[in-house]
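Every read-out reported here was derived from the displayed coordinates using simple, explicitly stated rules and does not represent laboratory data. Computed from a prediction, not measured in an experiment: that's the story for all the values here. Ideal geometry is used to build each Cβ from the backbone, glycine not excepted, and the neighbour counts take in all protein chains shown.
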Amino acid sequence: MSLAEKAGQVLLPSFPGLDHEAHARTIERLHLAGAIIMPDNVPGTPGGQVDTAALHAVTRRLHQAARADGRGWPGMVGVDQEGGLVARLRAPLTEWPAPMSYGAAGSRPLATDAGRALSAELTGLGFNVDFAPSADVTMGPADPTIGARSFSGNADTAATVGIAFSKGMLGAGVLPAAKHFPGHGSVSTDSHRALPVQPASLRELRAKDLKPFQAAVDAGLPMVMTGHIAVPALEPGVPASVSKASYRELRRMGFKGVAVTDALNMGAIAQQYPRDAAAPLALAAGADLLLMPASAETAHAAIVNAVRNGSLPEARLDEAATRVAAMQLWRGRSHPPRGAAPGNGSALSRKVSQQAITVLAGPCRGPLVPASVRVGGGTAQDRARFTAAARRAGVALGAGPLVTLIGYRGAPAAGDVAVALDAPWPLEKSAARTKVALYGRSQEAFDALLAVLAGKATAPGKLPVAVGRHAPGSGCR
């Protein structure tokens with residue numbers, strides 16, 4: 001490969017809007033690895049859903065562009081589809097609850113099945129990379145970024161459930177990426193806005209935050225995403241994504257796969273390294289794939305210039321490009337795509353919520369509400385979904401106790417029944433007599449909720465994190 005080809009092979013950019021053909025031509029001209037699809041790239045129907053036929057045509061064109069220079073391996077078309085808050089593709093694809101649901105359900109087979117089902121719908125639309133799951137161990141309410149994106153506040157649980165989910169993804173032919181090394185769940189700054197600092201010692205990190213990543217390495221997972229987090233114990237003031245010491249630690253753990261950076265257009269990087277100066281620095285530090293530079297053109301030129309002026313050894317670029325190509329060949333040969341139609345996972349999504357739903361206060365058997373209730377809080381869509389689920393469960397709306405829905409980072413609630421739709425921490429200070437953690441706001445999650453409220457199902461989930469005086473593992477017995 002030429003220098004220009006190798007420089008493109010390590011870049012996976014985003015692009016603005018719906019001009020997919022323009023980006024396909026950029027892939028061809030700069031020899032890019034492919035593209036990541038963001039919400040503004042997704043064609044829609046007049047009814048506000050994803051136009052799946054048009055989206056599949058887009059991914060086909062991007063794959064075609066990635067192989068236009070004759071390379072012998074497929075390109076990468078990726079997306080961020082974790083479930084819960086981070087899901088770039090909505091209906092008619094299955095809507096999945098927050099990843100914390102799997103920690104609450106405590107079932108590795110269920111996590112594997114869900115990872116496979118979620119990914120099969122992506123495969124059916126032409127995606128072969130999903131930048132999930134979050135292997136971060138959340139520290140609780142002080143964690144502003146990860147929250148319910150984390151499987152658990154327990155490192156061992158986050159590791160085992162994360163590996164199970166990732167193996168399901170691979171079973172559908174989609175590459176997972178364990179993120180955000182060395183752990184974003186224990187810092188109080190959001191790296192989308194500024195640079196977080198992780199003050200823990202290396203020994204402390206290895207005892208907690210690094211555990212899920214070590215498990216990912218031991219399981220042979222193909223890709224780890226490095227976060228924009230400064231770790232003074234490794235390299236003070238330098239984000240892990242551009243830190244040689246951080247990549248050395250990752251390789252010391254035995255990782256042989258592709259190290260991909262978190263998005264290079266995020267505040268923590270862009271403020272410190274403007275005009276894509278981070279691109280060659282990340283490669284020189286040990287990254288193999290650079291996600292979402294601010295400008296593919298600028299990042300490509302910066303890599304080429306860094307090789308020419310000697311600040312980036314060409315052997316390091318060769319190593320990175322080879323790892324990316326090898327991963328794609330390995331995926332195609334060892335994990336062929338197994339696609340499914342959009343929406344195929346709906347019943348499984350409901351099963352996840354049924355297994356995860358956790359009652360922190362209130363009865364564990366029988367109805368939690370009478371035959372009629374009122375509903376407040378949440379969004380208009382949340383209340384509409386609650387209403388539809390109530391109708392199916394035989395619960396009337398308009399009179400009776402108040403059920404208050406608490407959305408993402410919502411405030412504690414009064415009323416008679418408080419339901420946390422995301423992370424469960426607002427339940428701690430909620431004054432309601434009955435407190436329920438749902439970890440999701442899909443229609444399937446609301447159906448599971450109303451079945452429990454009406455006494456037609458029990459709540460088997462256990463808290464995967466501490467909520468005030470409620471220790472992890474709390475819930476109905």
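Given the choices (i) 0.99; (ii) 1.05; (iii) 1.50, Rg/Rh (Cα atoms, Kirkwood Rh) derived from the coordinates of this structure is entry (i).
Take the Cβ-Cβ distance between Gln49 and Ala219 as r, set R0 to 30 Å, and report the resulting FRET efficiency rounded to the nearest 0.05. Walk me through the numbers on the way to the answer.
On the way: r = 36 Å, r/R0 = 1.18.
Efficiency, from the Cβ-Cβ distance: 0.25.
Helices in the chain that qualify as membrane-span-like (whole DSSP H runs, Cα extent of at least 18 Å along the helix axis, mean Kyte-Doolittle hydropathy of 0.0 or higher) are 52-66, 155-171, 296-309. Protection proxy ranking, highest mean first, for peptides 77-86, 368-377: 77-86, 368-377, where packing is the per-residue count of other beta-carbon atoms within 10 Å, averaged. Between Val197 and Arg469, the modelled labels are 3.7 nm apart [label points 7 Å from Cα along Cα→Cβ]. Averaging the sequence gap over all C-alpha pairs within less than 8 Å and six or more residues apart, then dividing by the number of residues, gives the chain a relative contact order of 16 percent.
Just how far, in whole angstrom, is segment 179-254 from segment 428-454 if you go by their alpha carbon centroids? Using only Cα atoms to place each centre, the spacing works out to 34 Å. Placing pseudo-labels 7 Å out from each Cα toward the beta carbon at Ala380 and Asn344 gives an inter-label distance of 3.5 nm. Considering the zone a paramagnetic label at Arg308 would reach in this model (a point 7 Å from Cα along the Cα-to-Cβ line), which residues of segment 9-51 have amide N under 20 Å from it? It comes to 9-11, 29-32, nothing else. For the chain, the residue among Tyr102, Ala148, His300 whose Cα projects farthest onto the positive side of the dipole built from Cβ charges is Tyr102.
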